[in-house]
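Have a look at the structure below before the remarks.
Read-outs: derived from the displayed coordinates by stated rules, not from any lab. On a predicted model such as this, the values are computed, not experimentally measured, just so you know. Reconstructed Cβ throughout: ideal geometry from the backbone, glycine too, with neighbour counts over all protein chains shown.
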Amino acid sequence: MPNSSPKFSYIDYNAQTVTIKRLRQLSRLLDTVITVPGTPIAIGLDPIIGFIPIGGDVLGLILSSYIVYEASRLGVPKKLLSRMIFNIIIDSLLGSFPIIGDLFDFAWTANHYNIKLLEKHLNGY
């Protein structure tokens, strides 16, 4: 009789690799997709869509939450998921303030931090 548990006792490393690659691409798109020519400064869509009143910050929150959702599917411990959620909350709350929040969004790359946390966990560190 097959195990009906939603958690698997094995890890499909091919699926894990594909998921990590997809999450890295999303993180890059949200945090660092555009490099300012001649500088090391990069910005992503998250601060840009943050300029859209109300809906932009909500959309950024939803896209960032997808990374946490996928991390939970990969079996990341609750403590690490909590840290990832905290990063998103900081990004969303402070990013929601007009002008100052948009500048904060350029500097605080919560998605990049969350990918680093995820990869560190999956690599056993």
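Just a few scattered comments:
- Count of the stretch 63-95 residues which are under 10 Å from the mean Cα position of the chain (by Cα) and not aromatic (Phe, Trp, Tyr): 11
- Pairs, first hydroxyl-bearing (Ser, Thr, Tyr) in the stretch 100-112, second part of a helix (DSSP H, G or I), C-beta under 7 Å, six or more apart: THR109/ASP31
- Check on SER64, of a type in the set (S, T, N, Q) and farther than 17 Å from VAL33 by Cα: no
- Taking the listed residues LEU122, LEU81, LEU61, the one that is in contact with a Leu (Cβ under 9 Å, 6 or more places away or on another chain) and under 26 Å from VAL18 (Cα atoms) is LEU122, with no other qualifying.
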